[in-house]
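Some notes on the structure that comes next.
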Amino acid sequence: MTRRITEKGYLILLSLAEQPRHGYGIVGAVLELSDGATKLGAGTLYGLLDRMGEAGLVEASGEEVVDGRLRRYYRLTDQGSAALVMETARLRALTHRAKAVLGAHLAFARS
């Protein structure tokens, strides 16, 4: 996938890096990874999962019924793992450039 990954998409991929998760598990992991800053609604989550599935980044990895409700699990594909690594490298490089540009100003931002 050559398209840039959105922040929400990145967090979803990151949440699946550790293990397959069902929708509610992804929502909780994203909330934790973002320190509570990113809350995913069902429409946003499943829309992104559908698009990432079409792009070959994630795939369904099983289903189970819990308390009468179907849970579908999702996992990263090899392509999804590669995209996550590439996006992490891009963000790291961007952060490095930002530090170089901001220089001493960052010391004030930490206070």
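Worth pointing out:
- Residue in the stretch 82-100 that is outside any helix (DSSP H, G or I) and surrounded by 14 or more Cβ atoms within 10 Å (Cβ to Cβ) present: no
- Looking only at the stretch 31-53, and only at residues there that are touching a helix residue (DSSP H, G or I) at 6+ places or on another chain (Cβ under 7 Å) and not in a helix (DSSP H, G or I), the one that is farthest from ARG71 (Cα to Cα): SER34
- Qualifying residue in the stretch 59-66 (condition: among the aliphatic types (A, V, I, L, M) and in contact with a helix residue (DSSP H, G or I) (Cβ under 7 Å, 6 or more places away or on another chain)): no
- In the stretch 29-52, the residues that are buried (at least 16 other Cβ atoms within 10 Å of the Cβ) and without any contact (Cβ under 8 Å) to a residue 12 or more places away in the chain: LEU31
- Subset of the stretch 62-81 [farther than 17 Å from LEU14 by Cβ and surrounded by 13 or more Cβ atoms within 10 Å (Cβ to Cβ)]: ARG71, ARG72
- Candidates GLY56, GLY28, filtered to the one that is modelled with pLDDT of 95 or more, out of contact with any strand residue (DSSP E or B) (no Cβ under 6 Å at 6 or more places or on another chain) and in a loop (DSSP other than H, G, I, E, B): GLY56
The values are calculated or read from the model by the stated rules, or taken from the named source; none is laboratory data. It should be emphasised that the depicted structure is a prediction, and the values quoted were computed from it without experimental measurement. Neighbour counts are summed over all protein chains in view; Cβ atoms, including those assigned to glycine, are modelled from backbone coordinates with ideal geometry.
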